[in-house]
Amino acid sequence: MDDLRKEFESEALPHMSALYSFAVRLTRDRDDAADLVQETYLKAFRFFDKFERGTNCKAWLFRILKNSYINRFRKTSKAPDTVEYDAIEEFYETIRDSSVETSVLEEQVFDNALDDEVAQAIESLPEEFRTVIILCDIESFTYEEIAEFIDCPIGTVRSRLHRARKLLAGSLAEYARKRGFDIPGSDTSQESAIPDGSLNNGQ
Amino acid sequence: MDNNHFSADLRARSHDRDEQLMQGVSALLMKRRDALRLQVPVDVERSIRMAIAAEQSAHEHSWVQAALDWIKRPAVSFSMAGAAAALIISIAFLGQQSQALPSEVTHAALAAFTGVHTGSTKLDITSSNPNEISAYLASHGVQHSVFYPDVEAKLVGANVFSVNGLPCAELVYKTAGHTIALLQVDDSSIDAKRVELDPVVAEDVAYSKWHWASTPENGTLFVWKSNSIMCTVVSDLQIDEVSSLFRLEAL
């Protein structure tokens, strides 16, 4: 096996699941995601001699994936689920301002959340929020790397991340309420705030 | 407390609580990272690895083609003729040397397949029953446990095949008139250098899980390791046909 290919395989291929996972959440289609990841790897292999050794290979691959996505998929990507984001944010603020102890809320909303619920809550986020929260909290990219990825100032990354987390907290609180936890401020009008979702982790 | 202080206190409390909840979300996602990350399906991974190998092959071919074009130039071709003749003789000599290596696993698998496929080698045992086959193989010197992959073809029997004196199992499958022969060698015998495995193949298996290649007769050679068994499939089917018959997730 050629040394370059060997180096490429040891540097780049370990990130395949991270890329695929992100691609599925971008395209909302596993076949499209597979095509996108394959295209990413072929481009990366062709230009691997341009990759600056010692820099973050994962971030480099994610940038190639994003560019491929914009070129190939974005115009035809499926429309996100319709979600009342304002309702979720209002719901979140009601919880935040309630008198329930933070530790109790964290236990009910976060500790008891099911993996599928968390995955579905992420799926339901608008793309710009979904992207930053995945890159930051799941893939551990720095703010600088995310800013470069989404081509925005770091301040935008911070604000999108904050809103993404608020929306996620609101969605998870709603799931907790549906599972019977006594979450303050919720009512039946919140039912529509949580999408049924068509894509669960592990499906 | 006046209204201004009360409002400021409320805002500060909201801010603190916000921070705590945001940290809670972040911690939740980090903690569930592995569960939230979708694993790339085996067939997608294989397809990507094969595409990279094909890309490399195409790249190398373009260099070969460029070199051939250069050699075709009249001024070069005359002076290269003698060297080419010497090269052909060298290649033929090396080829003969390769064929004379009975202990190399892929060569052994190719030879074993050819015998079964052409009918010059009769099956030692004709059976589709894995238990019966395993018992036969064990009684004829095969010491490793025999691996029966999930393959959409009919198991028709097996041979005990000797690789450098080491008894190894060869399972034979048939599908739509095609033959799939699976030679199994205990990995420890390769490690102990009792039998050889082509270093390129060994490297591919180590780095890429699988080694795929076309045989000289346009068939397929497919090598992978299952637990402690090095498995070598040779078939007259094409690579994509072999790939679709084997449940690679289970390998």
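Structural remarks
- Search result, residues across region A:13-55 that are farther than 26 Å from A:Asp137 by Cβ, more than 8 Å from chain B (Cβ to nearest Cβ) and of a type in the set (Lys, Arg): A:Lys43, A:Lys50, A:Arg53
- Every residue from region A:143-165 that is under 22 Å from B:Asp34 (Cα atoms) and either more than 14 Å from chain B (Cβ to nearest Cβ) or modelled with pLDDT under 90 (or both): A:Glu145
- For the condition surrounded by fewer than 21 Cβ atoms within 10 Å (Cβ to Cβ) and either modelled with pLDDT of 90 or more or part of a loop (DSSP other than H, G, I, E, B) (or both), A:Ala87 does not qualify.
- Contact annotation: no residue pair with Cβ atoms under 8 Å, 6 or more positions apart or on different chains, pairs a residue in region A:144-164 that is without any contact (Cβ under 8 Å) to a residue 40 or more places away in the chain and outside any helix (DSSP H, G or I) with a partner that is buried (at least 18 other Cβ atoms within 10 Å of the Cβ) and of a type in the set (S, T, N, Q).
- Filtering B:Gly141, B:Gly119 for residues that are within 23 Å of B:Val195 (Cβ to Cβ), in the same structural domain as B:Leu197 (by TED's automatic domain parsing) and surrounded by fewer than 21 Cβ atoms within 10 Å (Cβ to Cβ) leaves a single hit, B:Gly141.
- When region A:1-11 is filtered for residues that are at the interface with chain B (Cβ under 9 Å from one of its Cβ atoms) and in contact (Cβ under 8 Å) with a residue 40 or more places away in the chain, the ones remaining, listed by number, are A:Leu4, A:Arg5, A:Phe8.
The values are calculated or read from the model by the stated rules, or taken from the named source; none is laboratory data. If you're wondering where the values come from, they're calculated on a predicted model, not measured in any experiment. As a convention, Cβ positions derive from the backbone with ideal geometry for all residues, glycine included, and neighbour counts pool all protein chains shown.
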